[in-house]
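Below you'll find the structure, written out as structure tokens, and then a few comments.
Read the figures in this text as sums done on the coordinates, not as results from a lab. Worth saying up front: this structure is predicted, and the values here are computed from it rather than measured. Every residue, glycine among them, receives a Cβ derived from its backbone with ideal geometry; neighbour counts consider all protein chains shown.
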Amino acid sequence: MDRYRVELHELLGFVERLQAFESRAEQICESADNLVNQLDGNWSGTAAGAHQAEHDEWIAAAAEMREAATQLRRAADTAHRNYSELIEINTAMWP
């Protein structure tokens, strides 16, 4: 079995960066959605419909990306907790 090492502070930093990414991505999506909604009242026709369809596709893809980032963050957070608990248990076993 190969040895490996987990740097807990780096893993925690990764979790924190993912959280920041999720928050920023949500802000950007909300801002883009608000701008497109403002256009709806002033723009009509084929181009407006095509733009709305592309925007809807972009919003759906962005939501999928944020969900994947959330799942990755949760997995990394769980790994951090598990490794931290394992260190505590192993340390307690050896005086």
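Quick rundown of the values:
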item: For the chain: relative contact order, % (alpha-carbon pairs under 8 angstrom, 6 or more apart); result: 55
item: Computed FRET value (nearest 0.05) for ALA75 with SER44, which takes r as the C-beta separation and R₀ as 41 Å; result: 0.35
item: Under-5 Å amide H pairs with VAL6, H placed in peptide plane, nonlocal only; result: none
item: Structure-based [θ]222 nm, the chain - -39500 (n - 2.57) summed over DSSP H runs of at least 4, per residue, nearest 500; result: -31500 deg cm²/dmol
item: Angle in degrees between helix 8-40 and the longest Cα principal axis of the chain, rounded to the nearest 10; result: 10
item: Spin-label model distance (nm) - GLU7 vs MET93, 7 Å beyond Cα toward Cβ; result: 2.7
item: Hz values of 3J(HN,Hα) by residue in the range 90-95 - Karplus curve (6.51, -1.76, 1.60), Gly and Pro given as x; result: 5, 5, 5, 6, 10, x
